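The values are calculated or read from the model by the stated rules, or taken from the named source; none is laboratory data. None of these values were measured; they are calculated from a predicted model. Don't worry about glycine lacking a Cβ; one is built from the backbone with ideal geometry, like all the others, and counts go over all protein chains shown.
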Amino acid sequence: MQPIVGIIMGSDSDLNIMQAAADILKEFGIAYELTVVSAHRTPQRMFDYATSAKERGLKVIIAGAGGAAHLPGMVASLTSLPVIGVPIKSSNSIDGWDSVLSILQMPNGVPVATVALNAAKNAGILAAEMIGAFDEAVGQKVADYKLQLQNEVLDKVVSLKQKGWENNFD
C-alpha cells in the first residue's frame, strides 16, 4: 500500500512519542512511512524529503521535534502539503515550551498545524481527518472512532451513577 502520510522526527529518541501517530493511522487503515529527518544534522535530507513528498504520493506530513524544533516549520516552508507539528519534550528541553513555541509561532505564509506537547496521537487523528475530508471510508472510520470515545464517556457516567455518585445533570 502506497504511504499517504509521512511521519518524520528529528531523532530516533522521539520514536517513543511519534509511535502513537503511527499506531492510530494503522487503526484507521492509513498507509504511512516513518523515518528520521533532522533539520540541523541532515538539512539536505530534510530538503529532499520535503520537496519530493507530494510527488511520492504523500498527502500530509506529521513532523515531531524537540528543543529548537525547526523540523516542522522548515518542512512546511518547502512543501505545499499540510504539515502537522508535534512538539516533543526532549532531554535538553525547557519543560517542552521551547518546542511548543518554536512550532506554534510560525510566520504568516508558512502555517504548521500544532498539537499539544507529546500529542502524536492527536497529530495522527488530525491527519486522518484531513484525509477523511476527501475519502469517505477514512472519514467514516474517524466518525466511528469519535462515536466510540463518546460511548466510553457515557459508559463512565452510568458507572458513576451505579456507584451512587450524585448526578443532577441528567
Suppose we filter segment 106-143 for residues that are surrounded by 13 or more Cβ atoms within 10 Å (Cβ to Cβ) and polar (S, T, N, Q); how many remain? 3
Every residue in segment 110-146 that is among the hydroxyl-bearing types (Ser, Thr, Tyr) and either at pLDDT below 95 or closer than 16 Å to Gly6 by Cα (or both), please. Thr114
Within segment 1-33, considering residues that are of a type in the set (A, V, I, L, M, F, W, C), in contact (Cβ under 8 Å) with a residue 24 or more places away in the chain and part of a helix (DSSP H, G or I), the one nearest to Met130 (Cα to Cα): Leu25
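Per-residue answers, yes or no, for (1) within 30 Å of Ala69 (Cα to Cα); (2) of a type in the set (Asp, Glu); (3) touching a helix residue (DSSP H, G or I) at 6+ places or on another chain (Cβ under 9 Å):
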position	(1), (2), (3)
Lys121	yes, no, yes
Leu126	yes, no, no
Asp135	no, yes, no
Glu152	no, yes, no
Looking only at segment 62-71, how many residues end up being more than 17 Å from the chain's Cα centre (by Cα) and assigned to a helix (DSSP H, G or I)? 0
One residue is enough: does segment 41-61 have a residue meeting the conditions crowded, with 22+ Cβ neighbours inside 10 Å, touching a residue at least 24 places away in the same chain (Cβ under 8 Å) and assigned to a strand (DSSP E or B)? yes
Can you tell which of Ile8, Ile4 is within 13 Å of the chain's Cα centre (by Cα) and not small (Gly, Ala, Ser)? Ile8
Taking segment 83-113 and keeping residues in contact (Cβ under 8 Å) with a residue 40 or more places away in the chain and under 22 Å from Leu58 (Cα atoms) leaves Ile84, Val86, Val112
Test of understanding: among Pro82, Pro72, Pro43, which residue is over 20 Å from Ala128 (Cβ atoms) and either among the hydroxyl-bearing types (Ser, Thr, Tyr) or modelled with pLDDT of 95 or more (or both)? Pro43
For Gly85, the lone unmet condition from (1) surrounded by fewer than 16 Cβ atoms within 10 Å (Cβ to Cβ); (2) assigned to a strand (DSSP E or B) is (1)
